[in-house]
Amino acid sequence: PAGVSAATFAFTTSNVNLQPEFTQIISKALPAGNWVVIATAEVTSPHHEDDDFVNTNCQLRNGASLIGDAFDRRTVSNFIPFGGSTITASLSMNGGAALPQGGTVSVWCRQLGEPGISTAQAQMMILQVGGFF
């Protein structure tokens, strides 16, 4: 039918450590249908004196296919209080997936420059719709 006919949600329950390569943060298996996905990832990074930028990239995927993307590049001050600080980026993505056999949607993120130290959490709101035009 036209319009939204079902909704489901997915949330992380703990932080996921990031690497320079994309790391899966969250996924949700879906039955057959047409799905609209709205996702937000929050990435927290330590900041050190020698960093000028913090670069974060997240992707919304349908299986291996990219259906949404977000990038955050923050210029950081050279003056950092003793002990450093943290930087948090919130990245929002949305996309659509036609899944005639069902499938999986997921959020993947990477943090360049702070491998194994930066962490991410994510959430997805997933709505079944009658179709796309």
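Every number in this text was worked out from the coordinates using simple rules, so none of it is lab data. These figures come from a predicted structure and were not determined experimentally. All Cβ positions, even for glycine, are placed from backbone atoms using ideal geometry, and neighbour counts span all protein chains on display.
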Taking amide hydrogens as modeled 1.01 Å from N in the peptide plane, which residues meet the under 5 Å criterion relative to Q19, leaving out close sequence neighbours?
Q111, G116
Amide H to amide H, which residues 5 or more places from D69 or on other chains are under 5 Å from it, using H placed in the peptide plane?
L60, N94
What are the ³J(HN,Hα) values, in whole Hz, obtained from phi via the Karplus relation 6.51 cos²θ - 1.76 cosθ + 1.60 with θ = phi - 60°, for each residue of segment 94-107 in sequence order, with x given for Gly and Pro?
8, x, x, 9, 9, 10, x, 10, x, x, 10, 10, 7, 10
Note down the net charge around C58, summing +1 for each Lys or Arg and -1 for each Asp or Glu among other residues with Cβ under 12 Å from its Cβ.
-1
